[in-house]
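What follows is a single structure, written as structure tokens, with notes after it.
Values in this text are rule-based calculations from the coordinates and carry no lab data. None of the values given here were measured: they were computed from a predicted structure. A quick note on method: Cβ atoms are made from the backbone with ideal geometry, for glycine too, and the neighbour counts reach across all protein chains shown.
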Amino acid sequence: MRLSEIISSYKSTLMAKKLPFLRCRACSYTFYYTRDICPHCHSRDLEIMESKGLGTVFSVTTLLNKEKQRTNYAIIELDEGFRLYSTVISDKPVEIGTRVSLKILEIDGSSYPFFVALKN
Ligand SMILES: [Zn+2]
């Protein structure tokens, strides 16, 4: 699969409000960032999958602006095993281990993956 095909598929999947990721058919490694080669075993036998959109906060940094509004920059580990940088939308503190759910937002005509904290 060519890189341009992967990027094109990612855009259409995100526009459909779903989160794409790549899975290596040779070693089953999963990853988010668009590459045409497996970063684990270097195979080019990849397939594009759709995540169920559930994950866990792996790392988080919270910034407060002058109005005390918080932005939670986080690394999310999805249940399918891959990680991506994103933002957790929450007025409450977000911690490592917080369970989150995907929320695709459209900004200036493009779709981006954000997350919201799941209530326990
Ligand atoms: Zn692989």
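Quick notes
- Across segment 3-50, the relative contact order, built from alpha-carbon pairs under 8 Å that are at least six residues apart, equals 37 percent.
- Segment 13-120, relative contact order [Cα under 8 Å, separation at least 6], %: 23 percent
- Angle of helix 3-15 to the longest C-alpha principal axis of the chain, folded into 0 to 90 degrees and rounded to 10: 40°.
- With contacts taken as Cα pairs under 8 Å and at least 6 residues apart, segment 54-117 reaches a relative contact order of 32 percent.
- About the centre of its Cα atoms, segment 54-117 shows a dipole size close to 260 debye [charges on the beta carbon of Lys, Arg (+1) and Asp, Glu (-1) only; nearest 20 debye].
- Cα gyration tensor of segment 3-50 - equivalent ellipsoid semi-axes, whole Å, descending: 19, 10, 7
- Every pair of different Cα atoms in the chain enters the Kirkwood calculation, which places the hydrodynamic radius at 15.1 Å.
- In the chain, the calculated helix contribution to ellipticity at 222 nm averages -3500 deg cm²/dmol per residue, counting -39,500 (n - 2.57) for every DSSP H run with n ≥ 4.
- Debye, to nearest 20: dipole size of the chain, +1 on Lys, Arg Cβ, -1 on Asp, Glu Cβ: 200 debye
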